[in-house]
2 protein chains.
Amino acid sequence: MILLNGKSTSEALKNELKEKVDQRRAAGKKIPHLAAVLVGNDGASLTYVGSKVRSCEKIGFQSTLIHLEETISEMELLQQIDQLNQDESLDGYIVQLPLPKHINEEKILLAIDPNKDVDGFHPSNFGRMALEMDAFIPATPFGIIEMLERYQIETSGKHCVVVGRSHIVGRPISILMSQKGTAGNATVTLAHSRTKDLKALTLQADIIVMALGIPEFLKADMVKEGVVVIDVGITRVTDTSHPKGYVIRGDVDFDGVAAKASAITPVPGGVGPMTIAMLLKNTLLACERRD
Amino acid sequence: MILLNGKSTSEALKNELKEKVDQRRAAGKKIPHLAAVLVGNDGASLTYVGSKVRSCEKIGFQSTLIHLEETISEMELLQQIDQLNQDESLDGYIVQLPLPKHINEEKILLAIDPNKDVDGFHPSNFGRMALEMDAFIPATPFGIIEMLERYQIETSGKHCVVVGRSHIVGRPISILMSQKGTAGNATVTLAHSRTKDLKALTLQADIIVMALGIPEFLKADMVKEGVVVIDVGITRVTDTSHPKGYVIRGDVDFDGVAAKASAITPVPGGVGPMTIAMLLKNTLLACERRD
């Protein structure tokens, strides 16, 4: 069984990115610059954004954190977005979700310049991706593709079952894996909350991508021998025996499923670390586009 | 067995559109105006565009045919596109494909104002559709959804196998049918040229959408009893016994499959007629958006 190690893979990728930054610096080229917009003080969002900024620093990117008050109006945030669009020093930026309820997320998303949309959430990028044009690919599915490629997991002609149809994971990975190209050409089934007899589907799957958000949902009796399992789930589960009071669980009953799998991502340390690395990769791509 | 009659369904839809146009006229509102750009003299393209223009006239739309020389340069065509984007009298327009080889289709496509892109081929529209925002949906998949709705075919929780991953049919219908909404919520498998053991998949399907372009590919022994079959294929097959020298065949061996199906589209007279009707519907939507 191969453990698809997102921690070491993302470190390798970040080292490659760092080398490219060093080369750019030596050549007198622009250093990639990522900004992150954070509204309010949600704990998880603070953690994610902090981690993104630290990763930028580690590989030599320039980074800017724009931390705004919870009470900012939609209009003020749109003005901020407009400034970021016009800021020539900036290659890309992200707006950390979720936003406070009084702000329309779709409106904010649509205001982001697609050329700086390194999260790949703007419909213009999403459409370009789906139509196989050059595009920023959302970081999580991009990270899954990167990991499948680096571990040379054969996908062509394989039956891949994706569980979950979210805009940021299930939908884009189902598109990417059924397109032509490496880590593509799979026959992809997209399953979701309305799917009947999911077990009958997952039992047929050569590859399963779990992006449901229900801890330990996928059990050993739902998969066949030799399956490849990608677990995108990250849920905090209360555990009083643990110092933090919780543990992180994926969508997969790891021990049971790992015993039958030919390859599997752990949680934590699987898809998660890849996501930040791919955001950095998108930022470098955005910077290179402007050379 | 229900014959999913695209001819009568599209006539009903066009009558509804005509009524709306009459109401708009009576209210002193703008009449929908569609333009079609045709480059060169390809026989099939002439037929398609002619049919689109005639359909416009029948329901009271204004229509404009812009017929350009085969030898037009890419730059000149881009200038034409720019004029159409700026033409305030126009609600929407289409550029008939294929274009001559010296013209980059992607470049032309990207130049179309997404607000006038009633074919729904611009990545901005495609992305909006995939992200469940308000969008122009490409006419063929939109026509399939419309027909499934009008015949009240249950799709929620059903397993739908889409065969073919083209940007204009297979990909968008696989997205639409797996989204929330009427004619949605299906578990969708997207199969294509690299799929292994297609028969094992189609035998499981409650609904099959064939968009492969291989005449009479789907045989009776590949489907289960009660299947719903949507045939998007339109291929001219040589037939010297026929006055025209050819007959039109779909991707489905109709007689054999119809005997097992609970509902099926014929070819011709199925999905084909729906496509033009949906282009007209998109044009009305474009006009209404500007009210």
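The values are calculated or read from the model by the stated rules, or taken from the named source; none is laboratory data. Everything quoted here is computed from the prediction, not taken from an experiment. Cβ coordinates were reconstructed from backbone atoms using ideal geometry, including for glycine residues, and neighbour counts include every protein chain displayed.
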Legend entry - Members of the range B:108-128 found to be buried (at least 21 other Cβ atoms within 10 Å of the Cβ), more than 13 Å from chain A (Cβ to nearest Cβ) and either part of a helix (DSSP H, G or I) or hydroxyl-bearing (Ser, Thr, Tyr) (or both), listed by number: B:LYS116
Inset, instruction - Would you mind telling me which numbered condition in (1) of a type outside the set (Asp, Glu); (2) more than 22 Å from B:PHE136 (Cα to Cα); (3) more than 10 Å from chain A (Cβ to nearest Cβ); (4) buried (at least 24 other Cβ atoms within 10 Å of the Cβ) B:MET222 fails? - result: (4)
Legend entry - Conditions (1) within 9 Å of chain B (Cβ to nearest Cβ); (2) assigned to a helix (DSSP H, G or I); (3) surrounded by 24 or more Cβ atoms within 10 Å (Cβ to Cβ): number failed by A:ILE173: (1)
Legend entry - Residues located in the range A:129-138, provided they are surrounded by 24 or more Cβ atoms within 10 Å (Cβ to Cβ) and either free of Cβ contacts under 8 Å to residues at least 40 places away in the same chain or touching a Ser or Thr at 6+ places or on another chain (Cβ under 6 Å) (or both): A:PRO138
Legend entry - Residue within the range B:236-253 that is over 26 Å from B:ASP117 (Cβ atoms) and touching a residue at least 60 places away in the same chain (Cβ under 8 Å) present: yes
Legend entry - the range A:231-244: number of residues that are touching a Lys or Arg at 6+ places or on another chain (Cβ under 9 Å) and among the small types (Gly, Ala, Ser): 1
Inset, instruction - Report, ordered by the first and then the second residue, all pairs with beta carbons closer than 8 Å, sequence separation of six or more or different chains, a first member in the range B:200-213 that is assigned by TED's automatic domain parsing to the domain that holds B:CYS160, and a second member that is charged (D, E, K, R) and surrounded by fewer than 24 Cβ atoms within 10 Å (Cβ to Cβ). - result: B:LEU203/B:LYS224; B:GLN204/B:LYS224; B:ALA205/B:LYS224; B:ASP206/B:LYS158; B:ILE207/B:LYS158
Inset, instruction - Hey, can you tell me all the residues within the range A:16-67 that are within 21 Å of A:MET274 (Cα to Cα), assigned to a helix (DSSP H, G or I) and touching a residue at least 24 places away in the same chain (Cβ under 8 Å)? - result: A:LEU17, A:LYS18, A:LYS20, A:VAL21, A:SER45, A:TYR48, A:VAL49, A:SER51, A:LYS52, A:SER55, A:CYS56, A:LYS58
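Name the residue that is nearest to the other protein chains (Cβ to nearest Cβ), counting only residues in the range B:176-212 that are touching a strand residue (DSSP E or B) at 6+ places or on another chain (Cβ under 7 Å) and assigned to a helix (DSSP H, G or I). Let's see the steps before the verdict.
Of all residues in the range B:176-212, those touching a strand residue (DSSP E or B) at 6+ places or on another chain (Cβ under 7 Å) come to B:177-178, B:186-191, B:195, B:198, B:201-202, B:204-212.
Right, trim to assigned to a helix (DSSP H, G or I) and you get B:177-178, B:198, B:201-202.
Values: B:MET177: 10, B:SER178: 5, B:LEU198: 8, B:LEU201: 7, B:THR202: 12 Å.
Restricting to residues being touching a strand residue (DSSP E or B) at 6+ places or on another chain (Cβ under 7 Å) and assigned to a helix (DSSP H, G or I), the top hit is B:SER178.
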Inset, instruction - Only residues that are under 22 Å from A:GLN152 (Cβ atoms), in a loop (DSSP other than H, G, I, E, B) and small (Gly, Ala, Ser): list them for the range A:248-291, please. - result: A:ALA261, A:SER262, A:GLY269, A:GLY270
Legend entry - Failed item, numbered, when B:VAL163 is tested on (1) within 11 Å of chain A (Cβ to nearest Cβ); (2) closer than 21 Å to B:GLY272 by Cα; (3) surrounded by fewer than 23 Cβ atoms within 10 Å (Cβ to Cβ): (3)
Inset, instruction - For the range B:139-159, enumerate the residues that are within 11 Å of chain A (Cβ to nearest Cβ) and surrounded by fewer than 23 Cβ atoms within 10 Å (Cβ to Cβ). - result: B:SER156, B:GLY157, B:LYS158, B:HIS159
